[in-house]
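Shown next, in structure tokens, is the structure this report addresses.
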Amino acid sequence: MRDFEAYMKEALPETVALLKELCLIPAPSHHEERRAEFCKNWLEAAGAEGVYIDEALNVIYPMNCEGKDDIVVFCAHTDTVFPEETPLLWHEDEENYYCPAVGDDTCCLVQMMMAVKYILSRGIQPKTGVLFVCNSCEEGLGNLKGTRQIFKDFAGRIKCFYTFDGGYRKVTNRCVGSHRYRVECRTEGGHSFGAFGNRNAITALAALIADLTTVEVPQKEGCKTTYNVGTISGGTSVNTIAQYAEMLCEYRSDDAACLADMKRQFEERFATAIAAGKGDFTVTLVGERPCGGEIDRALHAQMTARVQELSQKHSGLPCHANSGSTDCNIPMSLGVPAVCVGTHLGGGAHTREERVQKDSVLPGLLIVTELILDYFD
Ligand SMILES: [Zn+2]
């Protein structure tokens, strides 16, 4: 007899306390050490055996995985978009919990950890190999390092993949691929008056940016393609011809052919800027998230439908399928069916005002737990 509903109702205060505790541990991408250590210790205290931290700072808890090549992965990411020095202030009102990264992805992580604790407390055994992962480097320039590591270490042995991330009104089952670049421009520069006429790194970079706005986004039925210049910096002073300027830019698409078209258009413009000689450009690919490849469509549709069913059952709200850039990009590009499951309601993701709706935590716990229990006896 499965008693997870009663268990989770009772465990709600414990869940919130854990959420608060984890939120206060900084975990910028590539620096998840402290959160990883915390999660490992917590899982061990809950009775998990064989938990380890891999070289990418993933916390891995394999259950029954030895010799198995039909492993199911459940994960939630530990990293946040906030640098170490961001003040992590927790507060709450009648409706919400507030803290940077409270929703993305700490709430999801905590809900998965509580589901694991329930399973351990009841001694329930998996039907197949199950891998629970508190994974690293999902955000931004983390470039999905954690998930890449899982698929390296368990190559060819993973049958399907679930990640818990975002709100429960949606399930992300299509991947948005992206390429991200750092473009640096260098010139000799000089005094703005005395060396007037020398090449200026800022104006050269600005000319390239202006040229990028002429990119034509491919129009394809049912697909979305975008681009962005996200940051720019450089220069020395108002009376110095800039010697250095740099920017970060990206394009995204949920279609592999459109992504390739954007790559061609961006590379053309980089080449034009280099040839113009108004600055010495260095273009570095700093992030690459692949689009989806060929997968078992029937299994993938089944996974999506089950998530939608459980989401609706426990939250009372419809759950729509959409596309996004998540940890699923890696399995999907390798042909492993993957979905990203939302587990709460809230808003302000990636801002300091991020919030999670209090009354959404329990429905999320139930969605996560029942989904995992599908793979247990
Ligand atoms: Zn996330």
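The values are calculated or read from the model by the stated rules, or taken from the named source; none is laboratory data. What you are looking at is a predicted structure, and each value in this text was computed from that prediction instead of being measured. Don't worry about glycine lacking a Cβ; one is built from the backbone with ideal geometry, like all the others, and counts go over all protein chains shown.
Of note:
- Of all residues in segment 41-72, those being touching an Asp or Glu at 6+ places or on another chain (Cβ under 9 Å) and free of Cβ contacts under 8 Å to residues at least 12 places away in the same chain number 1.
- Odd one out for F193, checked against (1) over 21 Å from the mean Cα position of the chain (by Cα); (2) not assigned by TED's automatic domain parsing to the domain that holds L248: (2)
- Residue within segment 14-25 that is in contact (Cβ under 8 Å) with a residue 12 or more places away in the chain and either under 19 Å from L144 (Cβ atoms) or of a type in the set (K, R) (or both) present: yes
- Scan of segment 355-377 for residues that are acidic (D, E) and more than 19 Å from T163 (Cβ to Cβ), ordered by number: D359, D377
- Under the condition of being more than 16 Å from the ligand (Cβ to nearest atom) and assigned to a loop (DSSP other than H, G, I, E, B), the residues counted in segment 58-85 number 10.
- Looking only at segment 151-167, residues that are among the small types (G, A, S), more than 16 Å from the ligand (Cβ to nearest atom) and in contact (Cβ under 8 Å) with a residue 60 or more places away in the chain come to 1 in all.
- Lone qualifier among V171, V183 - being part of a strand (DSSP E or B), assigned by TED's automatic domain parsing to the domain that holds G347 and surrounded by 21 or more Cβ atoms within 10 Å (Cβ to Cβ): V171
- Every residue from segment 232-290 that is under 25 Å from P218 (Cβ atoms), touching a strand residue (DSSP E or B) at 6+ places or on another chain (Cβ under 7 Å) and of a type in the set (S, T, N, Q): S253, T284
- Selection of segment 169-191 for residues being within 16 Å of the ligand (Cβ to nearest atom) and in contact with a Leu (Cβ under 7 Å, 6 or more places away or on another chain) yields only R169.
- Test: Y97 is away from the ligand (no atom under 12 Å from the Cβ), farther than 25 Å from L141 by Cβ and in a helix (DSSP H, G or I): no
- Strands (runs of 3 or more DSSP E) fully within segment 299-377 counting 1 or more residues that are surrounded by fewer than 16 Cβ atoms within 10 Å (Cβ to Cβ): 320-324
- Taken over segment 205-226, the criterion of being surrounded by 12 or more Cβ atoms within 10 Å (Cβ to Cβ), of a type in the set (A, V, I, L, M, F, W, C) and under 17 Å from L248 (Cβ atoms) is satisfied by L205, A206, L208, I209, L212, V215.
- Flag for T231 being under 30 Å from the mean Cα position of the chain (by Cα), part of a strand (DSSP E or B), assigned by TED's automatic domain parsing to the domain that holds M247 and not acidic (D, E): yes
- Those residues of segment 160-185 which are within 30 Å of F281 (Cα to Cα) and either touching an Asp or Glu at 6+ places or on another chain (Cβ under 6 Å) or modelled with pLDDT of 95 or more (or both), in sequence order: V176, S178, H179, R180, Y181, R182, V183, E184, C185
- Filter pass, T326 being in contact (Cβ under 8 Å) with a residue 24 or more places away in the chain, within 16 Å of the ligand (Cβ to nearest atom) and in the same structural domain as V130 (by TED's automatic domain parsing): yes
- Among the residues listed as R199, R174, the single one being touching a residue at least 40 places away in the same chain (Cβ under 8 Å), closer than 18 Å to N143 by Cα and not hydrophobic (A, V, I, L, M, F, W, C): R174
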